[in-house]
Each structure stands twice: as C-alpha cells, then as structure tokens.
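Presented below is the structure to which this report refers.
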Amino acid sequence: QVQLVESGGGLVQAGGSLRLSCAASGRTFESYAMGWFRQAPGKEREFVATINWSGTSTTYYVDSVKGRFTISRDNAKNTVYLQMNSLKPEDTAVYYCAACVAYCSGANLSTYKNWGQGTQVTVSS
C-alpha cells in the first residue's frame, strides 16, 4: 500500500502562487503514476495533472491549467509537487493527490487506488 499526505494549501490572491506537496510512504516502488485532482464546491472531482513515478517523466494536464501549473517529482524524497502560478478564483478547490499502479487514466478515477485526504486551496479576487 501507499500512504499519501498533501500539504501546501492556503489562501492566496488572484495572480499569486502556491506549491502543493504530496509525501508518499509505503510501497512506492509499485506505483506507475501519481496524479493531482481537485474538487470545487458543488462540482465533481476532476483531473488536474499526472506524472509517471519512475522512468520517463511523462506529464499530462487538464487544458484549464496548462501553462500555469507544473507537476514534478523527487523520488529521493518520495514526493510529488504541483507548482501553481497565476492562480484564478476558479482554481479554488480541495486538491488531492493519488497513486495508480496500472492502466492509469485521469478520466477514470477508479484507476487510482490510493488517495490522500486533500488540502484546501482558496483564491480570492
């Protein structure tokens, strides 16, 4: 199993930046990819970004965050990051990280078997 803990959320003004961290522990070597998801009030949980845990660092982003968000990894620290720049009020949500072991797809949340508890990001205007 993989245990995940998110941190780095908070309150920021529009145009500001935050860096979220996802610390992983346990059998991290079994993971194929790590992903970031978010859920805004009254909305369904949606895919934000994903990165391979090992090998080539292939990344994918939802269109609404391309050019503003960057996902990265530090395997030595068992940590995945989400750098968020030029934040907008519509980015306000609870952000979750999750681990996938096979056939990973941001469009299919069930492929991610391990989830953190989330961290709140609030962007004010």
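The values are calculated or read from the model by the stated rules, or taken from the named source; none is laboratory data. Worth saying up front: this structure is predicted, and the values here are computed from it rather than measured. No Cβ is skipped: glycine too gets one built from the backbone with ideal geometry, and neighbour counts run over all protein chains shown. Each accessible area value is taken on the protein alone, full model and side chains, heavy atoms only, with ligands, DNA and RNA left out. Shrake-Rupley method; radii C 1.70, N 1.55, O 1.52, S 1.80 Å.
Assorted remarks:
- Residue 52 passes every criterion in (1) open to solvent by less than 40 Å² (accessible area, probe 1.4 Å); (2) modelled with pLDDT under 95; (3) touching a helix residue (DSSP H, G or I) at 6+ places or on another chain (Cβ under 6 Å) apart from (3).
- Flag for residue 28 being open to solvent by 60 Å² or more (accessible area, probe 1.4 Å) and of a type outside the set (D, E, K, R): no
- Among the residues of the stretch 62-77, those that are open to solvent by 50 Å² or more (accessible area, probe 1.4 Å) and either more than 14 Å from the chain's Cα centre (by Cα) or hydroxyl-bearing (Ser, Thr, Tyr) (or both) comprise 63, 64, 67, 70, 75, 76, 77.
- Being modelled with pLDDT under 95 and closer than 19 Å to residue 111 by Cα holds for only one residue in 38, 27, and it is 27.
- Residues (more than 14 Å from residue 2 (Cα to Cα), modelled with pLDDT of 95 or more and open to solvent by less than 40 Å² (accessible area, probe 1.4 Å)) located in the stretch 97-125: 118, 119, 121, 123
- Those residues of the stretch 16-44 which are in a loop (DSSP other than H, G, I, E, B), over 14 Å from residue 121 (Cβ atoms) and not aromatic (Phe, Trp, Tyr), in sequence order: 27, 31, 42, 44
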